[in-house]
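Asker: Sharing a structure here in structure tokens format.
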Amino acid sequence: MFRLAHASDIHLGPLPALTLLELASKRITGFVNWHRNRRRHLFANTLDIVMNDIERRDPDHLAITGDLVNLAARIEIDTVAKWLETIGKPENVSVVPGNHDAYVPGAYERSTKSWYAYMRGDNHPADWDEDFHVFPYLRVRDNVAIIGCSTAVATPPFAASGYFGRRQARETVNLLRAAGEAGLFRVVMIHHPPIEGATSFHKRMIGIRRFAATISSGGAELVLHGHTHLNTVHWLRAANGPVPVVGIASASQGPGGHKPPGGYNMFSISGGPGHWNLLRERYELDQYGDDLLLAETTRFQPGE
């Protein structure tokens, strides 16, 4: 049995002091939004409680599906790099970026370079290269193939959309097919929900049908995403049968907000090709904000 934990939308705080030059961009809208809304409900101690609980349950691997920072300032990106070192070794933690990690032009490159060890595929170069396409990447752990995709792009003010393009789709199909032929359980990580209507228009994934075609053509057993800060289960079609698409609340969301409190998913993967068994246990912060409780248990049989 392979145990995979899934957390998302870290939004590591607190928000650092920013220069006027840094705020002279889309960051000013995010800065105002943080102080008017997010800071009331996104708490560092919530994130600590969530991550400590994951560590206590000792999964085989941890998947983090984006939005590790808030405004993608250099100091935030550097702080997340240090935070990741406290979470686990790069070979045991897989990360994909979210829209906040590519908040302004240049941020995507800085984020992927700084966090590359946690996004490096098994056959990727040892060091980050600006001319190298990091995504999609493939990591094989035991009998599980972890495939990381990126929808992170810089967007105008008041937009939080993502993009899944043709090159990435083509390469993802190839990785999925190869992993399926090898008899591996295929997990796809992506930030934006690849489901029509799962989020508002200005927060959508551009290329959502392309992603659906990628899963349909390549096959998969599980898709993980973040972005919505909601606990959701949807489905995509694939040649090998319906594929569960699972979202999770922000790992930093405290109780009392309009979004569900922070938590994470723990997946237990067993069985083999054509007979996979998948158990999802969702843990959620209690009403007092000081402990995590088992909130939901779901059994899936991918491909059936």
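The values are calculated or read from the model by the stated rules, or taken from the named source; none is laboratory data. What you are looking at is a predicted structure, and each value in this text was computed from that prediction instead of being measured. Heads up, the Cβs are rebuilt from the backbone with ideal geometry, glycines too, and the neighbour counts pull from every protein chain shown. Remember, those area values only see protein heavy atoms, side chains included, never the ligands or the DNA or RNA. Shrake-Rupley method; radii C 1.70, N 1.55, O 1.52, S 1.80 Å.
Asker: Show the residue pairs that are 6+ apart or on different chains and have beta-carbon atoms under 7 Å apart, the first residue being within segment 276-304 and more than 23 Å from Val223 (Cα to Cα) and in contact (Cβ under 8 Å) with a residue 12 or more places away in the chain, the second being charged (D, E, K, R) and outside any loop (DSSP other than H, G, I, E, B).
Answerer: Leu292/Asp53; Leu292/Glu284
Asker: If only one of Pro261, Pro244, Pro255, Pro273 is without any contact (Cβ under 8 Å) to a residue 60 or more places away in the chain and either in a loop (DSSP other than H, G, I, E, B) or over 17 Å from the mean Cα position of the chain (by Cα) (or both), which one is it? Steps first, please.
Answerer: Values: Pro261 fails: without any contact (Cβ under 8 Å) to a residue 60 or more places away in the chain; Pro244 fails: either in a loop (DSSP other than H, G, I, E, B) or over 17 Å from the mean Cα position of the chain (by Cα) (or both); Pro273 fails: without any contact (Cβ under 8 Å) to a residue 60 or more places away in the chain.
Within the list Pro261, Pro244, Pro255, Pro273, the selection yields Pro255.
Asker: Could you run through segment 199-216 and say how many residues are more than 14 Å from Arg166 (Cα to Cα) and touching a residue at least 24 places away in the same chain (Cβ under 8 Å)? Outline the logic, then answer.
Answerer: Of the residues in segment 199-216, the ones more than 14 Å from Arg166 (Cα to Cα) are 199-204, 216.
Still in the running and touching a residue at least 24 places away in the same chain (Cβ under 8 Å): 199, 202-204.
Selection size over segment 199-216: 4.
Asker: Scan (1) within 17 Å of the chain's Cα centre (by Cα); (2) of a type outside the set (Asp, Glu); (3) surrounded by fewer than 21 Cβ atoms within 10 Å (Cβ to Cβ); (4) closer than 19 Å to Ser111 by Cα for the single condition Ala198 breaks and write down its number.
Answerer: It is condition (4) that Ala198 fails.
Yes/no matrix, rows are residues, columns are (1) open to solvent by less than 30 Å² (accessible area, probe 1.4 Å); (2) among the acidic types (Asp, Glu); (3) at positive phi:
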| site | (1), (2), (3) |
| --- | --- |
| Leu222 | yes, no, no |
| His229 | yes, no, yes |
| Arg237 | no, no, no |
| Ile248 | yes, no, no |
| Glu281 | no, yes, no |
| Asp291 | no, yes, no |
| Thr298 | no, no, no |
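Asker: Moving to a separate point now. Anything in segment 236-261 that is at pLDDT below 95, among the small types (Gly, Ala, Ser) and either touching a helix residue (DSSP H, G or I) at 6+ places or on another chain (Cβ under 8 Å) or under 16 Å from Gly66 (Cβ atoms) (or both)? List them, or say none.
Answerer: Ala238, Ala239, Ser252, Gly254, Gly257, listed by residue number.
Asker: Here are the criteria: (1) open to solvent by less than 30 Å² (accessible area, probe 1.4 Å); (2) in a loop (DSSP other than H, G, I, E, B); (3) within 18 Å of Ile64 (Cα to Cα). Tell me which single one Pro302 does not satisfy.
Answerer: With respect to (1) open to solvent by less than 30 Å² (accessible area, probe 1.4 Å); (2) in a loop (DSSP other than H, G, I, E, B); (3) within 18 Å of Ile64 (Cα to Cα), Pro302 is out only on (3).
Asker: Okay, next question. Name the pairs: first residue in segment 52-64 and in contact (Cβ under 8 Å) with a residue 40 or more places away in the chain, second residue assigned to a loop (DSSP other than H, G, I, E, B) and of a type in the set (Gly, Ala, Ser), Cβ to Cβ under 8 Å, at least 6 apart or on different chains?
Answerer: If the second residue must be assigned to a loop (DSSP other than H, G, I, E, B) and of a type in the set (Gly, Ala, Ser), the pairs left are Leu62/Gly88; Ile64/Ser8.
Asker: Would you call Val69 open to solvent by 10 Å² or more (accessible area, probe 1.4 Å), more than 19 Å from Val188 (Cβ to Cβ) and not in a helix (DSSP H, G or I)?
Answerer: no
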